[in-house]
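Undergrad: Dropping the structure in here first, questions after.
What follows draws every value from the coordinates through simple rules; no lab data is involved. Everything numeric here is computed off the predicted structure, so don't read it as measured data. Don't worry about glycine lacking a Cβ; one is built from the backbone with ideal geometry, like all the others, and counts go over all protein chains shown.
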Amino acid sequence: MKVPYLLAAAAAVVAFSLPAAAAPDADAANKMAKDNGCTKCHSVDKTKKGPSFQKTAAKYKGKADAEAKLTTFLTTGPKVKMDDGSEEEHKAVKAGDPGLKNLIQFILAQ
């Protein structure tokens, strides 16, 4: 029967015609992180006052709502608990900033 072959061929055409997900722009993400003061407490691979981006990525790995949760967290400025038990307000990133999605994708790609 030729129908399964036609369906497989059609699926392949559709799959290869979809745009590939672009990798986050690391330079732009690092600049945005620095400009917004993120690098005072965070780095890519070392825990500072806050968790590293790698630790954050591991926390959200495999979670479908990871981008949405990080967007909410970064744009609302919630109180965060520090390792010493103290709390402080996390600086909020402007919600409409066009680089926010790239920054979040960069963090999750670590």
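Undergrad: Can you tell me how much longer the chain between Met82 and Gln54 gets when fully stretched, taken as 0.36 nm per residue apart minus their C-alpha distance, in nm with one decimal? Spell out each step's value before the answer.
TA: Working: separation 28, 0.36 × 28 = 10.08 nm, distance 1.76 nm.
Value of the extension gain: 8.3 nm.
Undergrad: Quick check: residue separation of Asp27 and Asp97 times 0.36 nm, minus the Cα distance between them. What number comes out in nm? Kindly include the intermediate steps, with their values, before the conclusion.
TA: On the way: separation 70, 0.36 × 70 = 25.20 nm, distance 1.60 nm.
Gain on stretching Asp27 to Asp97: 23.6 nm.
Undergrad: Taking the highest mean first, how do the peptides 41-47, 92-98 order by number of other beta carbon atoms within 10 angstrom per residue? The partial results should precede the final answer.
TA: Working: 41-47: 14.3, 92-98: 12.7.
In decreasing order of mean packing, 41-47, 92-98 become 41-47, 92-98.
Undergrad: Extension gain Lys61-Phe73, at 0.36 nm per residue separation less the Cα-Cα distance, in nm?
TA: Here the answer is 2.7 nm.
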